[in-house]
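Okay, so here's the structure we're looking at.
Bear in mind that the values in this text are calculations on the coordinates, not laboratory data. No experiment lies behind these values; they were computed from the predicted model shown. Heads up, the Cβs are rebuilt from the backbone with ideal geometry, glycines too, and the neighbour counts pull from every protein chain shown.
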């Protein structure tokens, strides 16, 4: 392993240890990094080191797959709590309607059309 690669591994290890990840995630990623570094370092048992790296990568991927549904649910719940369009009130409907261009275009055509009074009367008759 070159000194440049060794420096990158050490920087990555530092970023990992100072990250806000959960401890079990840090442990798994640290094991993956150690196994990959040993495989790239030219140890006596390169096949064993590569096998350890593949095992660590497999364990990491399985943990990520198991955690994904919970992470997705957390993200959806956080969005639903903060989004003005979510919820059961009518406020979301009005915000969504205000963000669409067609109501504004329709209102402009009705307001500035020379036939606006007749159009409004027709709409009023239909709505009654």
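So the values come out like this:
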read-out: Gained length - residue 16 relative to residue 46, 0.36 nm times residue gap less alpha-carbon distance; value: 8.3 nm
read-out: Extension reserve of the residue 24-residue 4 stretch, reckoned as 0.36 nm per residue once the Cα distance is removed; value: 4.4 nm
read-out: Largest-first principal axis extents, alpha carbons of segment 1-41, Å; value: 31, 17, 6
read-out: Distance (nanometres) between label positions extended 7 Å along Cα→Cβ at residue 57 and residue 112; value: 6.1 nm
read-out: Dimensionless Rg over Rh [the chain; C-alpha; Kirkwood]; value: 1.44
read-out: Rounded FRET efficiency, nearest 0.05, which uses the C-beta distance separating residue 67 from residue 97 and R0 of 41 Å; value: 0.65
